[in-house]
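Structure first, then comments.
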Amino acid sequence: MTGRDLTRDTIRDVRDVRDVRAPGLAALAGLLADETRAGCLLALLDGRAWTAGELARHAGVAASTLSEHLGKLVAGGLLAEERQGRHRYVRLADTRVAQLVEDLAAQVAPDPARRPRTLRAANAGSAMARGRTCYDHLAGHLGIVVTDALTARGLLTAAGLSERPASPPRQTPPRRTPPRRTPPRPAPQERATGFVLTEAGLRWFEGSGIALDRATRRPLARACLDWTERRPHLAGAAGAALCRHVLDAGWCVRIGSERAVKVTTTGERALGELLGIEPGALR
């Protein structure tokens, strides 16, 4: 066997054992590795359907250019398309795509050197930081405050606390030692996704009239890293149900043309009664 034959056999062996997912992952990375396409995906994190014209104006490109980009995103399974008359609407394909975009965007640290060019842009950025929707759940300062309140009341806990600590060796405890607090018990059907709802949390959602979809394959609770607060807020089915409820009940309203939301006076009162949140913390 010649050296050339040996090299061919080696290359063939490597091709046989390489991960079959590699081409698909490379193709997905290629879809995301374009600023215009990335901007469209981030805009669609508001959970709504946009027309191609709206996205073109948002991205600052010609309609024909954007149409080519949208075609690639639809073919790649990242966007779903629907047509109504002459209008072409697109939205994120599903919650998994939203989670992917959220998680990747959270890894990009804001550039302090890039300041808003206009007062309008500065105000929009401040509003987004105070409160916004992150696909279908609350984010920004508002999302963190609500998540902290749920955690403080034992309705939500970190996934790492879902297991009871190992029992220490048996010994006589010193006097006046306060009893160890047992972490809230997570709901039995929960999976480790950063956050878990406790049994008390499930009762709280039911008692508050916030319907949870218990049949979904989506985790009830999931931690989503907030790109402005740099801390996780509540996502998953519970986060979506809570966001939908506060918008439907008028506790929060959308402001501006992006994802920003603000808490209303009714919302301040309701969240204060349900979670003990001070009105000043929501502004």
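Structure above, values below:
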| item | result |
| --- | --- |
| Filtered residue count, segment 151-162, keeping only those that are of a type in the set (A, V, I, L, M, F, W, C) and open to solvent by less than 10 Å² (accessible area, probe 1.4 Å) | 1 |
| Whichever residue in segment 250-277 is in contact with a helix residue (DSSP H, G or I) (Cβ under 7 Å, 6 or more places away or on another chain) and assigned to a loop (DSSP other than H, G, I, E, B) and, among such residues, is modelled with the lowest pLDDT | Glu258 |
| Residue list for segment 44-62, filter: part of a loop (DSSP other than H, G, I, E, B) and either among the basic types (Lys, Arg) or in contact with a strand residue (DSSP E or B) (Cβ under 8 Å, 6 or more places away or on another chain) (or both) | Gly47, Arg48, Ala49 |
| Within segment 1-35, considering residues that are among the basic types (Lys, Arg) and outside any helix (DSSP H, G or I), the one modelled with the lowest pLDDT | Arg18 |
| Filter result (more than 15 Å from Arg130 (Cβ to Cβ) and open to solvent by less than 20 Å² (accessible area, probe 1.4 Å)) within segment 241-283 | Ala241, Leu242, Cys243, Ala270, Leu275 |
| Residue ID - surrounded by the fewest Cβ atoms within 10 Å (Cβ to Cβ), chosen from residues in segment 54-69 that are closer than 19 Å to Leu92 by Cβ and in contact (Cβ under 8 Å) with a residue 24 or more places away in the chain | His69 |
| Residue within segment 128-150 that is modelled with pLDDT of 75 or more, in contact with a Phe, Trp or Tyr (Cβ under 8 Å, 6 or more places away or on another chain) and open to solvent by 40 Å² or more (accessible area, probe 1.4 Å) present | no |
| Which numbered condition Gly276 fails, given (1) over 13 Å from the mean Cα position of the chain (by Cα); (2) under 24 Å from Ala43 (Cα atoms) | (2) |
| Pair list, Cβ < 8 Å and 6+ apart or interchain, from segment 148-160 residues that are over 12 Å from Ala200 (Cα atoms) and in contact (Cβ under 8 Å) with a residue 40 or more places away in the chain to residues that are part of a loop (DSSP other than H, G, I, E, B) and open to solvent by less than 20 Å² (accessible area, probe 1.4 Å) | Ala149/Ile277 |
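The values are calculated or read from the model by the stated rules, or taken from the named source; none is laboratory data. All values reported here derive from a predicted model rather than from experimental measurement. Note: ideal-geometry Cβ built from the backbone for every residue, glycine included; neighbour counts use all protein chains shown. Note: accessible area is taken over every heavy atom of the protein model, side chains too, but ligands, DNA and RNA are not part of it. Shrake-Rupley method; radii C 1.70, N 1.55, O 1.52, S 1.80 Å.
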